[in-house]
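The structure under discussion appears below in the form of C-alpha cells.
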Amino acid sequence: MIEQLKQALATGKRVAVLMGGASPEREVSLKSGAALLAALERRGWNPLSIDPADGRALASTLIENRVAVAVLALHGAGGEDGTIQGMLEMLGIPYTGSCVGASAVCMNKILSKRLFRDAGIPTPPWEELRFPDNDPEAGMAQLTLPLPCFVKPMSTGSSVGISRVDDLESLRAGLLLAARASGPGETRVLVEQEVRGTEVTLAVFDDTPLPLIEIRPGAGFYDYRAKYASGGATRYLIPPEGVSEQAMQRATEAGMAAGRVTGCRGLYRVDLILDAKQTPWVLEINTLPGMTATSLAPKAAAAIGWSFEDLAERILASAGLETCRADF
C-alpha cells in the first residue's frame with residue numbers, strides 16, 4: 001500500500017486526515033486528527049486535514065483535492081458508525097479503520113452485545129430499554145437487572161452519556177442522560193450489569209494483539225473526564241498488576257474473538273473487565289480508537305517500541321476498501 005500511495009502522490013494526489021465532525025465527540029476527534037496529521041507531516045506525507053462538519057459537501061471536497069487515501073480520526077455518530085465508510089466505498093477511496101458493517105455493528109452497543117452473546121463471548125448481563133426520552137419512568141418499569149448497573153446510550157463513544165447507577169434516583173437521572181445523548185424521539189438505552197474487577201483494554205492491529213493495559217481511574221469509573229483530562233489521576237499499567245499470565249491470555253483471546261465476530265480490521269480497541277476470578281468480560285469495541293495524548297492505543301504501541309509516527313504510518317498503510325470478514 002505504501003509504494004502504491006507514493007506513486008499516487010507523485011501524480012498530485014493527497015493523503016487526507018478526516019477529523020472533527022458533528023458528534024458530541026468532536027473535540028476528541030479534533031485532537032486525534034491533529035496528532036495523526038502532525039505525525040504524518042513529520043514523516044513527509046504532506047497530509048491534508050478535512051472536517052466533514054465545515055459546511056462543504058464532503059464528497060466534492062475529497063474529489064476536488066484528489067484524495068487518494070482517507071485516514072479516519074472521527075469519533076461517534078457520522079464518523080465511526082459506517083456512514084463515512086460507505087461514502088468512501090462509493091467513491092473508491094481507501095480508508096483506515098474497520099469496514100462499513102463492522103463500524104455500524106460496533107457503534108451499536110446493543111447489536112454488538114447480541115453478537116458477543118450468540119458467539120459465546122463472555123459479556124456482562126444486559127437489557128435494552130425503550131422509552132420516550134422525556135419519560136424515564138417508562139424505562140425504569142422495564143428493568144429487571146439488579147442494581148448497581150451502568151446506563152449507556154445505544155450509539156456513543158468516549159463514555160459520553162454513560163453513568164453508574166445504584167439507586168432509583170440515579171437510575172432515573174442516568175436514563176435521562178443516556179436518552180439526551182441518543183437524540184430526540186423514542187430512545188433505546190443499554191443497561192449493563194456492573195462487573196467489579198480489573199478494567200483492561202486490548203488494542204489490536206492487523207489481527208495482532210498489542211499488550212494489555214490496566215486502567216485505574218483515580219475515583220469512580222473511567223468516564224469522559226478520566227479519559228481525556230491531562231494530568232489526571234488515572235493510572236495506566238503495562239502489564240496489568242496482579243493479573244496472571246493465564247488471565248491475560250484469556251482476556252486477549254476474548255478480545256480477539258470479539259473483533260473477529262464483528263469483522264473489525266486495522267487498528268481497533270476492545271474494553272474488558274476481569275472479575276474477582278480473573279474471568280474476562282467484553283464490554284465493547286472501539287473501531288476508531290482515540291489518538292490523543294492520553295489515549296490507550298498509542299500507549300500499547302509504545303510498549304512494543306513503536307513511536308507515534310510509526311503507529312500513524314502503519315495506520316496509513318492499513319487503508320483499504322471493503323474487506324470485512326466476520327467469523328459468524
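Numerical summary
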| item | result |
| --- | --- |
| Residues located in the range 294-317, provided they are in contact (Cβ under 8 Å) with a residue 24 or more places away in the chain and acidic (D, E) | E309, E313 |
| Lone qualifier among V71, V28 - being surrounded by 23 or more Cβ atoms within 10 Å (Cβ to Cβ), touching a helix residue (DSSP H, G or I) at 6+ places or on another chain (Cβ under 8 Å), β-branched (V, I, T) and part of a strand (DSSP E or B) | V71 |
| Verdict on G197 being under 30 Å from I304 (Cα atoms), small (G, A, S) and in contact (Cβ under 8 Å) with a residue 24 or more places away in the chain | yes |
| Members of the range 1-20 that are surrounded by 14 or more Cβ atoms within 10 Å (Cβ to Cβ) and either without any contact (Cβ under 8 Å) to a residue 60 or more places away in the chain or of a type in the set (V, I, T) (or both) | L9, K13, R14, V15, A16, V17, M19, G20 |
| Residue check for L58: farther than 30 Å from L177 by Cα, crowded, with 20+ Cβ neighbours inside 10 Å, more than 20 Å from the chain's Cα centre (by Cα) and of a type in the set (A, V, I, L, M, F, W, C) | no |
| Every residue from the range 74-107 that is in a loop (DSSP other than H, G, I, E, B), within 26 Å of M256 (Cβ to Cβ) and among the β-branched types (V, I, T) | T96 |
| Of all residues making up the range 224-236, the number that are within 18 Å of L283 (Cβ to Cβ) and either loosely packed, with under 13 Cβ neighbours inside 10 Å or at pLDDT 90 or above (or both) | 1 |
| Every residue from the range 283-316 that is surrounded by fewer than 17 Cβ atoms within 10 Å (Cβ to Cβ), at pLDDT 95 or above and not charged (D, E, K, R) | A302, A303, I304, G305, S307 |
| Hits in the range 76-87 - residues which are buried (at least 24 other Cβ atoms within 10 Å of the Cβ) and either at positive phi or in contact with a Pro (Cβ under 9 Å, 6 or more places away or on another chain) (or both) | G79 |
| Residue that is farthest from Q4 (Cα to Cα), among those in the range 283-313 that are in contact with a Gly (Cβ under 9 Å, 6 or more places away or on another chain) and in a helix (DSSP H, G or I) | L296 |
| Residue match in the range 258-267 (condition: of a type outside the set (G, A, S) and assigned to a strand (DSSP E or B)) | yes |
| Neighbours by Cβ (under 6 Å, 6+ apart or cross-chain): first from the range 24-40, assigned by TED's automatic domain parsing to the domain that holds L74; second part of a helix (DSSP H, G or I) and not charged (D, E, K, R) | L36/A312; A39/F308; A39/A312; L40/A312 |
| Condition met for V151 (among the aliphatic types (A, V, I, L, M) and in contact with a Ser or Thr (Cβ under 7 Å, 6 or more places away or on another chain)) | yes |
| Residue among A102, A138 that alone is more than 17 Å from M19 (Cα to Cα), surrounded by fewer than 19 Cβ atoms within 10 Å (Cβ to Cβ), outside the structural domain of S29 (by TED's automatic domain parsing) and among the small types (G, A, S) | A138 |
| Unique match (being surrounded by fewer than 21 Cβ atoms within 10 Å (Cβ to Cβ), under 20 Å from the mean Cα position of the chain (by Cα) and aliphatic (A, V, I, L, M)) among L145, L111 | L111 |
| Subset tally (residues that are more than 14 Å from D207 (Cβ to Cβ) and surrounded by fewer than 18 Cβ atoms within 10 Å (Cβ to Cβ)) for the range 251-281 | 5 |
| Residue count for the range 31-58, restricted to those that are closer than 18 Å to E80 by Cα and in a loop (DSSP other than H, G, I, E, B) | 4 |
| Odd one out for L321, checked against (1) on the phi < 0 side of the Ramachandran plot; (2) at pLDDT 95 or above | (2) |
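The values are calculated or read from the model by the stated rules, or taken from the named source; none is laboratory data. Here the structure is a predicted model, which is why all the values come from computation and not from measurement. Cβ: placed from backbone, ideal geometry, glycine included. Neighbour counts: every protein chain shown.
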